[in-house]
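The values are calculated or read from the model by the stated rules, or taken from the named source; none is laboratory data. Treat the numbers as computed from the prediction; the structure is a model and nothing was measured. When we count neighbours, we look across all protein chains shown, and the Cβ atoms used for this are built from the backbone with ideal geometry, even at glycine.
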Amino acid sequence: MSDQVKKPVGITETVLRDAHQSLIATRMPTELMLPIVETMDKVGYHSVECWGGATFDASLRFLHEDPWERLRKLRAGFKNTKLQMLFRGQNILGYNHYPDDVVEYFVQKSIANGIDIIRIFDCLNDLRNLETAVKATNKEGGHAQIALSYTLGDAYTLDYWMNISKQIEEMGAHSICIKDMAGLLVPYEADKLIRAMKSATKLPIQLHTHYTSGVASMTYLKAVEAGVDVIDCAISPFSMGTSQPATEVMVETFKGTEYDTGYDQKVLAEIADYFRPYREECIKSGLLNPKVLGVNIKTLLYQVPGGMLSNMVSQLKEQHAEDKYEEVLKEIPRVRKDYGEPPLVTPSSQIVGTQAIMNVLMGERYKVATGQSKDLLAGKYGQTVKPFNPEVQKKVIGDAEVITCRPADLLEPGLAKFEEEVKQWKQQDEDTLSYALFPQVATEFFKYRQAQQEKVDLAEADTKNGAYPV
Ligand code: CO
C-alpha cells in the first residue's frame with residue numbers, strides 16, 4: 001500500500017447516546033459513563049455522540065439527572081474528542097414545534113456547555129424546519145450537520161437525494177448525514193446513493209444506520225468504498241441488533257486499506273471490557289431484552305422501523321387485538337401514502353402507526369383521527385414530499401385551514417413566558433430550556449433536586465453541630 005492514496009474513514013462512537021437509546025431505553029446513567037471517558041478520548045474518533053435524542057428526556061424523567069450537568073461532565077473528560085448531539089429541528093428534543101427564540105437559545109446553550117457537532121433532522125425532511133437550528137449553530141461556531149431521514153418510496157429517487165443534498169450545501173450546513181433509522185439501506189443501494197450524493201455535493205457525508213435488519217456492516221463496507229466519509233458505530237457490547245455495527249469490527253475491516261481508521265484495537269478492547277459487565281447486568285435485569293439483538297427481517301419486508309413494530313404490538317395488546325397485526329402492517333404503507341409518503345421517524349412514525357391501528361380497529365378508514373393526524377394534514381408539521389390524499393384530508397380535517405408556510409413562522413416568541421413560569425425553580429439559565437421542552441417532567445426534577453439539596457444542607461448542619469464536641 002505504498003503509493004496508495006489514504007482516505008481514512010472516520011467513526012462516530014454512539015455508545016453514550018444512540019446505542020443505549022436503542023438497546024436499553026436510554027437508561028445509561030452519567031456515573032457509568034465517566035470512568036471510561038479518558039480512555040475513549042484516546043481513540044481518535046471522528047466524534048462521540050453523547051447527547052440529545054431521547055437522552056435529555058430520559059435523564060430528567062427516569063434517572064433524576066440534570067442533562068446539562070451530564071454534558072458539562074462529559075465535556076470536562078473529553079479533552080481531544082468532538083462531542084456530538086442529535087437535534088430534532090424545530091422540535092429541538094421535544095415533540096412539538098418551538099418558536100425560533102427557543103431553538104436559538106437551545107443551540108447556544110448546547111454549544112456553550114460543550115457540544116461541537118449538532119446533527120439536525122426533521123421527520124419530513126422539510127428543510128425549512130432546519131433553517132433556524134442551522135443558522136444558530138453557525139452563529140455559535142458549531143458544526144451544523146443536516147441529517148436526512150432515509151426512507152423508501154416512489155418519491156425517493158436518486159434525483160430526490162441529489163437535489164436535497166445541493167439544497168443543504170446552499171443552506172450553509174457543514175456536512176450531511178444519511179440517517180437510516182430503520183436499517184432499510186441495503187449494501188448495493190448504499191453504493192448507488194453515496195455515489196449519487198457525492199456527485200451532487202462537496203460536503204462530507206456521514207452514514208448512520210441500525211443493525212435491525214441485519215445488513216448494516218455490509219452497507220457500511222459498500223458505502224465506504226463509494227466514498228462515505230464517516231460511519232456511526234457502537235463499541236461491541238452495545239452494538240448490533242437495534243443498535244449500530246460494532247466499532248472494533250469496522251476498524252478491523254478497513255485495516256491496511258486506504259480507508260484504515262488508524263484506531264488502536266487495544267484501546268478499543270479496554271473500552272469494550274469496561275462496558276461488557278454493564279451489558280450483562282442489563283440482560284440480567286431485563287433492561288436489555290435479547291430479542292432486540294437478533295435480526296428483524298420484517299423491517300425490510302414492510303419497510304417499518306423496528307421500534308414502530310414493537311410499539312404497534314404493545315398498542316394492539318392493550319386493545320386485545322393482537323390478531324389484527326397483519327392487517328395493521330398492511331395499513332401502514334397505505335396511511336403513509338395518504339399522508340404524502342413521509343419518512344417514518346419520530347414523530348411521523350407514531351402518527352402513521354397510531355392512525356393505521358385506528359383505521360383497522362374502527363373498521364372504517366379515518367372514521368376517527370388523532371389530533372396529530374389532523375395537524376399533519378393541516379400542514380402543521382411542514383411539507384411532505386408528495387401531496388396529501390385530498391379525500392383523506394377532507395375527511396379528517398374538513399374545511400379547517402391548511403398552512404403552507406414554515407410552521408414556526410406562526411409561533412410567537414416563547415422564551416419570556418417560559419422564563420416567567422420557571423422562575424421559582426431556576427438555578428441556572430439552562431433550567432429554562434429543560435422546562436420549555438418538558439414542563440411537567442422538568443418541574444418534577446426541580447422538586448427532586450431541591451429536596452436533595454435540603455437533605456445535604458441538613459446533614460451538613462448536623463455535622464457542624466456535632467462534629468466538635470467540647
Ligand atoms: Co439512530
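Does V37 satisfy being touching a residue at least 40 places away in the same chain (Cβ under 8 Å), away from the ligand (no atom under 16 Å from the Cβ) and surrounded by 16 or more Cβ atoms within 10 Å (Cβ to Cβ)?
In short, yes.
It is to be established whether one or more residues within segment 69-80 are within 16 Å of the ligand (Cβ to nearest atom), under 24 Å from S236 (Cα atoms) and at pLDDT 95 or above.
Checked against the condition, which is being within 16 Å of the ligand (Cβ to nearest atom), under 24 Å from S236 (Cα atoms) and at pLDDT 95 or above, segment 69-80 yields no hits at all.
Restricting to segment 62-114, count the residues that are in contact with an Asp or Glu (Cβ under 9 Å, 6 or more places away or on another chain) and β-branched (V, I, T).
3
Quick one: which of M171, M250, M197 is hydrophobic (A, V, I, L, M, F, W, C), in the same structural domain as N125 (by TED's automatic domain parsing), surrounded by fewer than 24 Cβ atoms within 10 Å (Cβ to Cβ) and more than 17 Å from the chain's Cα centre (by Cα)?
M171
Filter segment 237-262 down to the residues that are in contact with a Lys or Arg (Cβ under 9 Å, 6 or more places away or on another chain) and closer than 20 Å to Q84 by Cα and list them by number.
Within segment 237-262, F238, T261 qualify.
For segment 81-98, give me the residue count where each residue is within 16 Å of the ligand (Cβ to nearest atom) and either farther than 26 Å from I231 by Cα or not polar (S, T, N, Q) (or both).
6
Run down E391, E412, E401, E454 and say which single residue is at pLDDT below 95 and closer than 27 Å to L124 by Cα.
Every option except E401 fails the conditions.
Checking T81 against (1) under 15 Å from the mean Cα position of the chain (by Cα); (2) buried (at least 17 other Cβ atoms within 10 Å of the Cβ): exactly one of these is not met. Which one?
(1)
Does segment 175-196 hold any residues that are farther than 16 Å from T12 by Cβ and not in a helix (DSSP H, G or I), and which are they?
A182, G183, L184, L185, V186
Would you confirm, using the coordinates I've provided, whether D260 is away from the ligand (no atom under 16 Å from the Cβ) and not hydrophobic (A, V, I, L, M, F, W, C)?
When the stated conditions are applied, D260 passes them.
Out of segment 342-378, which residues are within 16 Å of D122 (Cα to Cα), buried (at least 21 other Cβ atoms within 10 Å of the Cβ) and out of contact with any strand residue (DSSP E or B) (no Cβ under 9 Å at 6 or more places or on another chain)?
Correct list: S349, I351, V352, L376.
Would you confirm whether any residue within segment 178-192 is farther than 26 Å from C233 by Cβ, in contact with a helix residue (DSSP H, G or I) (Cβ under 6 Å, 6 or more places away or on another chain) and in contact (Cβ under 8 Å) with a residue 12 or more places away in the chain?
no
Among L86, L34, L23, which is the only one that is more than 19 Å from L433 (Cα to Cα), aliphatic (A, V, I, L, M) and either under 16 Å from the mean Cα position of the chain (by Cα) or not assigned by TED's automatic domain parsing to the domain that holds A223 (or both)?
Going through L86, L34, L23 in turn, just one is more than 19 Å from L433 (Cα to Cα), aliphatic (A, V, I, L, M) and either under 16 Å from the mean Cα position of the chain (by Cα) or not assigned by TED's automatic domain parsing to the domain that holds A223 (or both): L23.
Exactly one of (1) under 30 Å from R279 (Cβ atoms); (2) part of a helix (DSSP H, G or I); (3) of a type in the set (A, V, I, L, M) is unmet by L63. Its number?
L63 satisfies all of (1) under 30 Å from R279 (Cβ atoms); (2) part of a helix (DSSP H, G or I); (3) of a type in the set (A, V, I, L, M) except (2).
Across segment 20-34, which residue is surrounded by the most Cβ atoms within 10 Å (Cβ to Cβ) among those that are more than 29 Å from I205 (Cβ to Cβ) and within 16 Å of the ligand (Cβ to nearest atom)?
Residue satisfying both the conditions and the ranking: I24.
Of everything in segment 209-245, what is of a type in the set (A, V, I, L, M, F, W, C), surrounded by fewer than 24 Cβ atoms within 10 Å (Cβ to Cβ) and within 16 Å of the ligand (Cβ to nearest atom)? Give them in sequence order.
Correct list: V215, V230.
Consider segment 98-123. How many of its residues are in contact (Cβ under 8 Å) with a residue 60 or more places away in the chain, assigned to a loop (DSSP other than H, G, I, E, B) and surrounded by fewer than 23 Cβ atoms within 10 Å (Cβ to Cβ)?
Result for segment 98-123: 3.
Residue by residue, here is whether (1) of a type outside the set (A, V, I, L, M); (2) touching a strand residue (DSSP E or B) at 6+ places or on another chain (Cβ under 6 Å); (3) under 17 Å from Q145 (Cβ atoms); (4) assigned to a loop (DSSP other than H, G, I, E, B) holds:
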site: A173; (1), (2), (3), (4): no, yes, yes, yes
site: K198; (1), (2), (3), (4): yes, no, yes, no
site: L203; (1), (2), (3), (4): no, yes, yes, yes
site: L207; (1), (2), (3), (4): no, yes, yes, no
site: S217; (1), (2), (3), (4): yes, no, no, no
site: C233; (1), (2), (3), (4): yes, yes, yes, no
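Filter segment 152-182 for residues that are at pLDDT below 95 and within 16 Å of the ligand (Cβ to nearest atom); which is farthest from D18 (Cα to Cα)?
Result: A182.
Consider D399 carefully, then state whether it is without any contact (Cβ under 8 Å) to a residue 40 or more places away in the chain, in a helix (DSSP H, G or I) and surrounded by fewer than 18 Cβ atoms within 10 Å (Cβ to Cβ).
no
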